[in-house]
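*Asks:* Below is the structure I would like to discuss, written out as structure tokens.
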């Protein structure tokens, strides 16, 4: 059964959080990719004081047609305060 848009995002968030053990922040993007989905998520890698100095990791998650993660990668890192022109 094909995943709907919101289901794909929810599945990617739940699975990635379990795998990496980090608090997820924003969903940056999601789009169909072949029979599955590619979802880009942001996770807090290191909390700081003030919060604007938190280190965030940007992760790409590939889901197959069943909604299972077939691959994930951290594609970049940034400080929360830095503008992310690539997102």
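No lab work stands behind these numbers, since they all come straight from the coordinates. Quantities reported herein were computed from a predicted structural model and do not represent experimental measurements. Reconstructed Cβ throughout: ideal geometry from the backbone, glycine too, with neighbour counts over all protein chains shown.
*Asks:* Relative contact order of region 1-63: what whole-number percent is it, with Cα pairs under 8 angstrom and at least 6 residues apart? Show your work: numbers first, answer last.
*Replies:* Numbers: 98 pairs, mean separation 18.0, N = 63.
Relative CO of region 1-63 lands at 29 percent.
*Asks:* Shifting gears a bit: Where does each of 58, 81 land when they are ranked from fewest to most other beta-carbon atoms within 10 angstrom? Walk me through the numbers before you get to the answer.
*Replies:* Values: 58 21, 81 11.
In increasing order of surrounding Cβ atoms, one gets 81, 58.
*Asks:* For residue 47, project a label point 7 Å along Cα to C-beta. Then give me every residue of region 6-35 with its amide nitrogen under 17 Å of that point.
*Replies:* Answer for region 6-35: 21-26.
*Asks:* To continue, here is another question. Note the angle between two axes, namely the Cα long axis of helix 5-20 and the longest principal axis of the Cα atoms of the chain, as a number of degrees from 0 to 90, rounded to the nearest 10.
*Replies:* 60
*Asks:* Packing-wise, with mean Cβ within 10 Å as the measure, how do 13-24, 44-55 rank, highest first?
*Replies:* Details: 13-24: 14.1, 44-55: 12.3.
Descending packing order for the listed peptides: 13-24, 44-55.
*Asks:* Let me ask you something else. Using Cβ counts within 10 Å as a stand-in for footprinting exposure, how do 59, 5, 72 rank, fewest first? Mind dumping the intermediate values first?
*Replies:* Details: 59 22, 5 11, 72 18.
Starting with the residue having the fewest Cβ neighbours, the order is 5, 72, 59.
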